[in-house]
Amino acid sequence: MDNIHICCPNCKWEPDGQAYWQCSCGCVWDTFSTGGRCPECGKVWEKTQCIVYAGGCDKMSPHLDWYEGLDDIINKLKEEIKERWLVKEYA
Ligand SMILES: [Zn+2]
Ligand SMILES: [Zn+2]
């Protein structure tokens with residue numbers, strides 16, 4: 001995944017792999033490790049907030065807009081994420 005770059009589409013803040021995002025179920029995790037899906041309850045977060053206290057801008061942007069890179073690789077990744085979103089729940 002070397003050709004994929006993740007950053008805020010608004011301010012270009014780059015997530016550093018830390019668990020900044022909290023789900024409504026209370027789970028705190030790195031949303032980019034699961035393609036925007038809560039690993040606890042399976043809820044899909046189609047929008048991702050930029051983390052202001054980590055240097056970001058606090059703005060919500062569509063999760064898929066955070067991915068940058070070569071078009072064909074990015075489109076494949078986005079399809080994979082969308083396929084995962086179609087799965088109702090983790091078993
Ligand atoms: Zn959750
Ligand atoms: Zn931002």
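Side notes on the structure shown:
- Some residue of region 21-35 being away from ligand 1 (no atom under 16 Å from the Cβ) and loosely packed, with under 13 Cβ neighbours inside 10 Å: no
- Residue check for Trp85: touching a strand residue (DSSP E or B) at 6+ places or on another chain (Cβ under 6 Å), farther than 16 Å from His5 by Cα and either modelled with pLDDT of 95 or more or within 16 Å of ligand 1 (Cβ to nearest atom) (or both): yes
- Screening Leu70, Leu86, Leu77 for residues that are away from ligand 2 (no atom under 16 Å from the Cβ), surrounded by fewer than 14 Cβ atoms within 10 Å (Cβ to Cβ) and touching a residue at least 40 places away in the same chain (Cβ under 8 Å) leaves exactly one candidate, Leu70.
- Of the criteria (1) modelled with pLDDT of 95 or more; (2) away from ligand 1 (no atom under 16 Å from the Cβ), which one Gly69 fails: (1)
- Of all residues in region 45-56, those being surrounded by 16 or more Cβ atoms within 10 Å (Cβ to Cβ) and assigned to a loop (DSSP other than H, G, I, E, B) number 4.
- Filtered by the rule that a residue be touching a helix residue (DSSP H, G or I) at 6+ places or on another chain (Cβ under 9 Å) and within 14 Å of ligand 2 (Cβ to nearest atom), region 11-39 gives Trp13, Pro15, Asp16, Tyr20, Trp21, Thr31, Phe32.
- Residue within region 15-22 that is in contact with a Lys or Arg (Cβ under 9 Å, 6 or more places away or on another chain) and at negative phi present: no
- Of all residues in region 8-30, those that are modelled with pLDDT of 95 or more have Cβ atoms under 8 Å from Cβ atoms of residues that are surrounded by fewer than 11 Cβ atoms within 10 Å (Cβ to Cβ), 6 or more apart or on another chain, in Asp30/Gly17.
- Failed item in (1) without any contact (Cβ under 8 Å) to a residue 12 or more places away in the chain; (2) more than 16 Å from ligand 2 (Cβ to nearest atom); (3) surrounded by 13 or more Cβ atoms within 10 Å (Cβ to Cβ), with Gly42 passing the rest: (1)
The values are calculated or read from the model by the stated rules, or taken from the named source; none is laboratory data. As the structure is a computational prediction, the values presented were derived from the model and not from experiment. Virtual Cβ from ideal backbone geometry, glycine too; neighbours counted across all protein chains shown.
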